[in-house]
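Enquirer: First the structure, which I've put down as structure tokens, then a few questions once you've had a look.
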Amino acid sequence: MIHWNPHVYKALSPYYMFKFLKKTKKGGWMSLGGILLCITGSEAMFADLGHFSYAAIQTAFTFLVYPALILAYMGQAAYLSQHHHTSYHISFYVSVPESVRWPVLVIAILASVVGSQAIISGTFSIINQSQSLSCFPRVKVIHTSDKIHGQIYIPEINWVLMILCITVTIGFRDTKHMGNASGLAVMTVMLVTTCLMSLVIILCWNKPPAVALSFLLFFGSIELLYFSASLTKFTEGAWLPILLALFLMTIMFVWHYATIKKYEFDLHNKVSLEWLLALGPSLGVARVPGIGLVFTDLTSGIPANFSRFVTNLPAYHRILVFVCVKSVPVPFVPPAERYLVGRVGPAAHRSYRCIVRYGYRDVHQDIDSFETELVARLADFIRYDWHRSQHTSPYAEDDASHSNESSSERRLAVIGTVTFSGTPGYGIEESVEPASVSIGFSTVESVTDMIEMQAVGAGAVERRVRFAIDDDDSESDGQTKMYVQLEEELRDLMTAQEAGTAFILGHTHVEAKQGSSILKRLAINFGYNFLRRNCRGPDVALKVPPISLLEVGMVYVV
């Protein structure tokens, strides 16, 4: 700058921008697409929000990135002001002094690596959020941090990005076309972000619509000017991001539409509890020895795949457990808070519901450990439920359903591993500790009443009720009868465990209903089913040994 043109700092004034556009008119407007490339790399650092804090990015951009960009472009402008007659030979590296040209080249290569890493991290975050919203096929997500939820790695997406990069490089073979594609993609992101930000101002910040409209007009008009200039390069490479966006949006729309229709089908076709309780020898349905674990996404009601199972094979296990495995957005779920257990029907029916919660850093248990742990938690719940039915607690609601009541589903209780003087003990806490993961997650949205159970002993919260099984407690006939029934239910559970456990999973196939349009039939019958067959299956299905697995076929017509 000092050598070629010390007065180049005046270019910071917007006056020259207006003067340039006024003088060049259409040519100046079309050149905005090239000017846009000056900022297409700087915005990549904002994709690192999953890895760095807001303050860190703001500080780095304000005190390092922005000054470096301004100085670099002012240096090039100073050089061009004296060598504009040979502009067709001018590039960034020609304007760099020869003594530092190679170090600048190394820094540029490292900068491209950092920028690509930011884009990759941003892609991982978007795919993960889309998957959580049922808008993208299931992929393997590896969380690399125990503390920060956003630090993830998705191997399949990483491979796809690598293949796309190689394909684009070989296909274009021209940095100009790649620059046009990058410029339109970045400008579209900025324009969409501005539109969404105006909604945030109204819906989240509760500001007047006039404020949002002013924001949209000010920033949107500038971005729309650059966006329209980028569209002029559509045939020169800018078509690529539009094509990729349409392809990905089609995949997301098809997956989301079919997934929502499947879930609505399950909700509308789930079986009533009265139907389950009516099954018996009078209808030709037998109870066979063993434990049947019916896996479902529903947290209430009887899934339709179980009714299909009983209809085709009129027998089910003596102990029946409806298992719902959920992931919650915390690193680890303490073992004492992992299992939510409740009854389905009266105690004599031997049916239960269990919601199993895992954090994103929890290691899923193998099937043998999971089965043993689940049976132990069921035994703990049985002891707790029988004692609750006979010993009403001042902290339990008076209208709570007892074990011998019928029809309605029991409330779920968090069952933990506790011991008290050699026998199982339980604490019903009046208040839940803030660290508990049982409040505020969607896994228990349908549960109207829930009891938190914590270990009894040192460090426990004050005001609790403790109880344990003891032969000396049977002082009345009612207590003796209760104790006999308790022992009988526990004996049935242990006998069923010795007989073996079957894992019942639904194997679904989705079809478009008759009369649907050709486009819908192609999207559902071929597109969605192709994605479902080739995406990652549920974790539980990957761990169950084939000898213990029963898959129930279900055809969903949407």
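The values are calculated or read from the model by the stated rules, or taken from the named source; none is laboratory data. As the structure is a prediction and not an experimental result, all values here were calculated from the model. Here the Cβ positions follow ideal geometry from the backbone for every residue, glycine too, while neighbour counts run over all protein chains shown. Ligands, DNA and RNA are excluded from the accessible area calculation, which covers all protein heavy atoms including side chains. Shrake-Rupley method; radii C 1.70, N 1.55, O 1.52, S 1.80 Å.
Enquirer: Could you say whether any residue in the stretch 169-188 is of a type in the set (Val, Ile, Thr), within 19 Å of Trp29 (Cβ to Cβ) and without any contact (Cβ under 8 Å) to a residue 12 or more places away in the chain?
Expert: No: the stretch 169-188 contains no residue that is of a type in the set (Val, Ile, Thr), within 19 Å of Trp29 (Cβ to Cβ) and without any contact (Cβ under 8 Å) to a residue 12 or more places away in the chain.
Enquirer: Against the conditions (1) surrounded by fewer than 17 Cβ atoms within 10 Å (Cβ to Cβ); (2) within 27 Å of Lys147 (Cβ to Cβ), where does Tyr360 fall short? Just the number, please.
Expert: So Tyr360 meets the others, but not (1).
Enquirer: Continuing with this model, one more query. For the stretch 87-145, which positions are closer than 30 Å to Arg532 by Cβ, open to solvent by less than 50 Å² (accessible area, probe 1.4 Å) and in a helix (DSSP H, G or I)?
Expert: Within the stretch 87-145, Ile120, Ser121, Gly122, Thr123, Phe124, Ser125, Ile127, Asn128, Ser130, Gln131 meet the criteria.
Enquirer: Go through Leu340, Leu378, Leu320 for me and flag whichever is within 30 Å of Lys147 (Cβ to Cβ) and modelled with pLDDT of 85 or more.
Expert: The unique qualifying residue is Leu340.
Enquirer: Here's another thing I want to ask about it. Report the residue count in the stretch 270-295 for those that are open to solvent by 70 Å² or more (accessible area, probe 1.4 Å) and modelled with pLDDT under 80.
Expert: Looking only at that region, the number is 6.
Residues are listed down the side, and each one gets a yes or a no for (1) at pLDDT below 75; (2) open to solvent by 50 Å² or more (accessible area, probe 1.4 Å); (3) assigned to a helix (DSSP H, G or I):
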{"position": "Phe20", "(1), (2), (3)": "no, yes, yes"}
{"position": "Gly28", "(1), (2), (3)": "no, no, yes"}
{"position": "Leu32", "(1), (2), (3)": "no, no, yes"}
{"position": "Ile35", "(1), (2), (3)": "no, yes, yes"}
{"position": "Thr40", "(1), (2), (3)": "yes, no, no"}
{"position": "Met45", "(1), (2), (3)": "yes, no, yes"}
{"position": "Leu49", "(1), (2), (3)": "yes, yes, yes"}
{"position": "Ala56", "(1), (2), (3)": "no, no, yes"}
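Enquirer: Name the residues in the stretch 316-337 that are open to solvent by less than 20 Å² (accessible area, probe 1.4 Å) and not aromatic (Phe, Trp, Tyr), would you?
Expert: Selection gives Ile319, Leu320, Val321, Val323, Cys324, Val328, Val333, Glu337.
Enquirer: In this structure, does Gly237 turn out to be touching a strand residue (DSSP E or B) at 6+ places or on another chain (Cβ under 9 Å) and either open to solvent by less than 20 Å² (accessible area, probe 1.4 Å) or not hydroxyl-bearing (Ser, Thr, Tyr) (or both)?
Expert: no
Enquirer: I'm trying to understand the selection: among the residues of the stretch 146-168, which are without any contact (Cβ under 8 Å) to a residue 60 or more places away in the chain and open to solvent by less than 60 Å² (accessible area, probe 1.4 Å)?
Expert: Ile154, Pro155, Ile157, Asn158, Leu161
Enquirer: Another question about this same structure. Inspect all residues belonging to the stretch 359-373 and state whether any of them is under 21 Å from Glu488 (Cβ atoms), touching a Lys or Arg at 6+ places or on another chain (Cβ under 7 Å), touching a residue at least 12 places away in the same chain (Cβ under 8 Å) and not in a helix (DSSP H, G or I).
Expert: no
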